[in-house]
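The values are calculated or read from the model by the stated rules, or taken from the named source; none is laboratory data. In this text the structure is predicted, and so the values were computed from the model without any measurement. Using ideal geometry, Cβ is built from the backbone for each residue, glycine included, and neighbour counts are taken over all protein chains shown. For the accessible areas, the whole protein counts, side chains as well, though only heavy atoms, and no ligand, DNA or RNA atoms are used. Shrake-Rupley method; radii C 1.70, N 1.55, O 1.52, S 1.80 Å.
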Amino acid sequence: MVYTLPKLPYAPDALAPVISQETVDYHYGKHEKAYIDNLNKLIDGTIYADMPLEDIIRTADGPLFNNASQAWNHIFYFFAFSPEGGGEPEGELRKAIDEQFGSFDDFKKEFEEAGTKIFGSGWVWLSKDNDGKLFITQTSNAGNPLTDGLQPLLVFDVWEHAYYLDYQNRRAEQLHRLWEIVDWSVVESRY
């Protein structure tokens, strides 16, 4: 199997001003493409060649894990956004957020704090377990909750290349602004 860079469901400038076209071009067009290209080189001729990406993430380590997970993480991240995003979740996901975090605003505050507190590069996730219980987790580098048996629902990227062109060192501001473009219909479909 050869992995390819999926076309985004919106124009590269559609998420501005939250995420600029320049950031999309570099972050998705160059960084993500490099992860996918490296992944393809690493799996060629191995037992991983025909394995689904999620299974590679769950079983691999070292450079193969890093490139597989980063490829998956970035697609998961960018495909949860929409220029018509924002607002609040509804349905069962909203009910679970309110029950477990007190309110949507409390959830957002806890999520942003978790992302702000990651030292160095990484990701902040909303995931669920098999019983539907929600978790806010932090992973460093290429970490992914799939390795802990959780199903990711939403992720914000806190690697500097995700926000530096638009926010310089203001990670907290970037995290706060991303709510404006979250496509809750996508996140709810993952729940």
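See the values below:
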item	result
Two-site label geometry, Asp37 and Ser103: point separation in nm, points 7 Å out along Cα→Cβ	4.8
Folded to 0 to 90 degrees: helix 62-78 orientation relative to the chain principal axis, Cα	40
Förster radius 41 Å - calculated FRET efficiency between Ala11 and Thr46 (Cβ-Cβ, nearest 0.05)	0.65
Under 23 Å from the Cα of Lys128 - lysines, other chains or at least 8 residues apart	Lys95, Lys108, Lys109, Lys117
Tail weight of P(r) past 19 Å, computed on alpha-carbon pairs of segment 1-79, percent	36
Solvent exposure ordering (accessible area, 1.4 Å, most first) of Leu154, Leu5	Leu5, Leu154
Proportion of all alpha-carbon pairs of segment 51-90 beyond 15 Å (%)	51
Neighbour-limited loop hits for chymotrypsin sites (Phe, Trp or Tyr not before Pro), segment 76-127 (at most 13 other Cβ within 10 Å; DSSP other than H, G, I, E, B)	Phe119
Coarse-grained scattering of the chain at q = 0.09, 0.10, 0.15 Å⁻¹, given as base-10 log I(q)/I(0) from a Debye sum over alpha-carbon atoms	-0.32, -0.39, -0.91
Cα-based Rg of segment 90-191 normalised by 2.2 N^0.38 Å, two decimals	1.04
